[in-house]
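The values are calculated or read from the model by the stated rules, or taken from the named source; none is laboratory data. All figures in this text were calculated on a predicted structure; none of them were measured in a lab. Because the Cβ atoms are built from the backbone with ideal geometry, glycine has one as well, and the counts that use them run over all protein chains shown.
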Amino acid sequence: MTVLGIENVSKSYGDVHSVRDVSLNLGEGERVALLGHNGAGKTTLMRMVLGLTPLTSGKISVLGMPPGSRKARTAIGFLPESVAFHGALTGREQLHHFARLKGVKRSVADDLLERVGLTHAMNRKIRTYSKGMRQRIGLAQALLGQPRLALLDEPTSGLDPISRHEFYDIVDDLSKGGTAVLLSSHALTELESRTDRIAIMSKGHLLANDSLSALREAARLPIQVSVKATPETADDVAAKLGGTRVNGASVSLEVQQEGKVSLLGQITGLGELVKDIDVTPASLEELYRHYSVPKQEGK
Amino acid sequence: MPTIAIARIELLIARRNMWVFTSLILMGLFSSVLTLAGGAPTGTLGIDPLLIATTSITTLSVYLIPLIGLLLSFDAIAGEAERGTLALSLTYPLSRGEILLGKFLAHLIVLGFAVAVGLALTAGLTIWKYGSADLNYLPLLKLFATSLALGAAFLGIGYLISALAKQTGVASGIVIIVWLICVVLYDLGLLGALVADGGGTFTKTIFPWLLVANPADAFRLINMPTDTVSTLATGLGAAGQASGFGPQLASLLLWPILALSLAWAAFRRVEP
Ligand SMILES: Nc1ncnc2c1ncn2[C@@H]1O[C@H](COP(=O)(O)OP(=O)(O)OP(=O)(O)O)[C@@H](O)[C@H]1O
Ligand SMILES: [Mg+2]
C-alpha cells in the first residue's frame, strides 16, 4: 500500500523554483534515498510532506490523508536537518516531552535513548552534548511511536562511521516493521546496500528514481578493468587487449556489462603475462554525477 | 494533552533559565521594601496600613509586571522559530493554539507565583508590624487578580511581537520600546495634552477613556483609592477616575483576550 504519494508537486518562493513537478511514491517498508546537490529541493520536498509549507501545485497524501493533518502528523516521524534543542533541558527531559506530545509512554522514550546509545548521557543538559549526540536525540524523537513514514533529512551528518552503520541498522529495523523511510544524504558510499531505491534531484527536478542496479544498467557507465603486468610486458598486454598503459606496469580498460565476461576470458587467455586483475563497477559517486547533471545542459 | 505538555516543559525551562528566580526576587524584594518603608509615617494616622502598602506596590507593579510579562514572552515564538524547534513541534499532532496556550499557562504561573509571593510577604510584614486586627485584605486580593490580568495582557502583547518579528533580536528591541510607550510615554503624552487643554472638553470627555484604554493605567486606577494623595502623585489627577470601575475592569479583562487573539492570528501566519 502507498504510504506516501507525491504527485506533480511544485513549489516556488517568488521566482525561486525550489521543487518542479516531482512525483514519487513510497510503499510500506520501502527505503528511499533522496540525493541532490545543495539547494536541489530535498528539504523543501520534505517540508511539504510535513505540511510545514504549502504546495504551489500538485498533490501529496500521507496514508491517504492531506499533509499537515493531525492523522498524517501522528503517522510521521521527522528528523530535521538542523535543530537546536533547548540547551537547558536534559536529553531525557526533551525526549519525554516529545513522547507526551505524541501520546507515547515514557518507558518507550527511555528504550529509544538506549537504542541510539545515549543512556549514559541522558541526564546531562543538551547544552553539553556533542554534535553527534544531538543528532541522536533528533533521531530518537523521530522514532517515537513507530511511525508509518519516517522522513530523515541528512540523518547521518555528524555521525562517526560506526554510528552511521548503527543508524542504517535502525533504518533496516524500521523498514522490517513496515515503516516507509525517505532519507536525504550527501554521503553516497554508505547508501549502496542500505536502500531499496535512489531518487536524485537537481535544481528542483526529479531526474532519477529507481533501484541502484536498474540505475546502473540504464546509465551504461563502463566497468573499469585494471590488469597488472610487468614493466617489460605492459606494452605488449596493452596492445593485445586494446587498453592504455598506466603506472608503468598496469593496463587500464573500460568495458560495458555485456562485454565483461568475454574480456575477462581474453585476459586469462594471456596466461603468465597477467599478474593481477581488478574489476570496479561504476561507483555510486559516478552514477550520481551521471544522473544529476541535467541533460538539457548537454553535458 | 499537548497543552499541558507544553506548559510543563516551558515551566521547566523557565526554572532553569532563572526566570522564576529573577521575577520572584524582583517582586519579593520590592514588595517587602515598600511595605516596610512606605507604611511607617501614615500608619499612625489611622489609615489601613495594608492599603498604604498596596498603593505603593501598585505604583511599582505598573512598571514591573508589564516588564516581566514582556521578558517572559518575547522569545516564545521567534526563538523557537530560529532554533528550529518550532518546525519540529509543528510536525507533532498538536495545533498552534495549543502551543500558544501551553506557553501562556506556564508564563502566567511564573508571573502569578512571583506576585503571590510578593503580596504574601507584604501581608506577613504588615501583620508583623501592626498586628492582624482590622486589616482589610480586599485591596490585596484585588491587586493580585488585576496583576494577573495585567501580566496576561502583556504576555499576549509579547507573543504578538514575537510572532511578527520572527527574530529574537528584533523582538527584544520592540518589547522594550512597547514597554516604554505603555508605562511611561503614553502617560507623559496624556499629561502634556491635559496641560495644553487646561481643563477643557478633552480633559472631561476624551481623556478618561484614553487613560483607561491603556491596561497599565487601568490597573493603576483600579488599585488606587480615589481619595488618596497617591492618585495625585501619579500626575494624572482625579479626572482619571471619571471613567469609573466598570471600564477599568473591562480594559483589564479585554486586553488579555485581545492580545492573545492577535498573537494567535499572527502565529498562524508564521511559516516555521
Ligand atoms: N523559505 C524560503 N524562502 C526562499 N527560498 C527558499 C526557502 N526555503 C528554501 N528556499 C530555496 O529553495 C531551494 C531548495 O532548498 P532546499 O533547502 O530544499 O535544498 P536542499 O536540497 O535541502 O539542500 P541542502 O542539501 O543544502 O540541504 C534553494 O534554492 C533555497 O534557496
Ligand atoms: Mg536540505
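I'd like the full set of residues that are within 8 Å of chain B (Cβ to nearest Cβ) and part of a helix (DSSP H, G or I), limited to the range A:75-93. Spell out how you get there, then give the answer.
As a first pass, look at the range A:75-93 and keep what is within 8 Å of chain B (Cβ to nearest Cβ): A:76, A:78, A:80, A:82-86, A:88-89, A:93.
Scanning the range A:75-93 gives a single hit, A:GLU93.
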Next item on the list: Could you please find all residues in the range A:143-159 being of a type in the set (Gly, Ala, Ser) and away from ligand 1 (no atom under 16 Å from the Cβ)?
Entry: A:GLY145, A:ALA150
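Per-residue answers, yes or no, for (1) under 16 Å from the mean Cα position of the chain (by Cα); (2) in the same structural domain as A:GLY58 (by TED's automatic domain parsing); (3) more than 7 Å from ligand 1 (Cβ to nearest atom); (4) at pLDDT below 95:
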residue: A:ILE6; (1), (2), (3), (4): no, yes, yes, no
residue: A:SER12; (1), (2), (3), (4): no, yes, yes, no
residue: A:ARG20; (1), (2), (3), (4): no, yes, yes, no
residue: A:LEU26; (1), (2), (3), (4): yes, yes, yes, no
residue: A:VAL32; (1), (2), (3), (4): yes, yes, yes, no
residue: A:GLY36; (1), (2), (3), (4): yes, yes, no, yes
residue: A:THR43; (1), (2), (3), (4): yes, yes, no, no
Note to self: Being more than 16 Å from ligand 2 (Cβ to nearest atom), away from chain B (no Cβ under 14 Å), buried (at least 16 other Cβ atoms within 10 Å of the Cβ) and touching a residue at least 60 places away in the same chain (Cβ under 8 Å): is that true of A:LEU45 here?
What the structure shows: no
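Tell me, which helices (runs of 4 or more DSSP H) lie completely within the range B:176-272 with 1 or more residues that are at pLDDT 90 or above and within 14 Å of chain A (Cβ to nearest Cβ)?
On the way: elements: B:186-197, B:207-213, B:215-223, B:229-233, B:245-268.
Filter on the range B:176-272 gives B:245-268.
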Next item on the list: Output the residue which, of all residues in the range A:25-39 that are within 16 Å of ligand 2 (Cβ to nearest atom) and buried (at least 19 other Cβ atoms within 10 Å of the Cβ), is nearest to A:GLY204 (Cα to Cα).
Entry: A:GLY36
Check: Looking at (1) within 16 Å of ligand 1 (Cβ to nearest atom); (2) within 14 Å of chain B (Cβ to nearest Cβ); (3) touching a Gly at 6+ places or on another chain (Cβ under 7 Å), which is the one condition that is false for A:VAL104?
Finding: (1)
Next item on the list: Please verify whether the range B:180-198 includes one or more residues that are among the aromatic types (Phe, Trp, Tyr), within 19 Å of the chain's Cα centre (by Cα) and crowded, with 18+ Cβ neighbours inside 10 Å.
Entry: no
Checklist line | Which numbered condition A:ARG134 misses (of (1) more than 14 Å from chain B (Cβ to nearest Cβ); (2) surrounded by 14 or more Cβ atoms within 10 Å (Cβ to Cβ); (3) away from ligand 2 (no atom under 16 Å from the Cβ)) | finding: (1)
Margin query: Return the residues of the range A:115-135 that are farther than 10 Å from A:GLY91 by Cα and either within 16 Å of ligand 1 (Cβ to nearest atom) or in contact with a Gly (Cβ under 7 Å, 6 or more places away or on another chain) (or both); say none if nothing qualifies.
Written below: A:LYS131, A:GLY132, A:GLN135
Note to self: Please go through the range B:76-96 and give me each residue that is within 11 Å of chain A (Cβ to nearest Cβ) and more than 21 Å from A:ARG134 (Cα to Cα), ordered by number.
What the structure shows: B:PRO93, B:LEU94, B:SER95
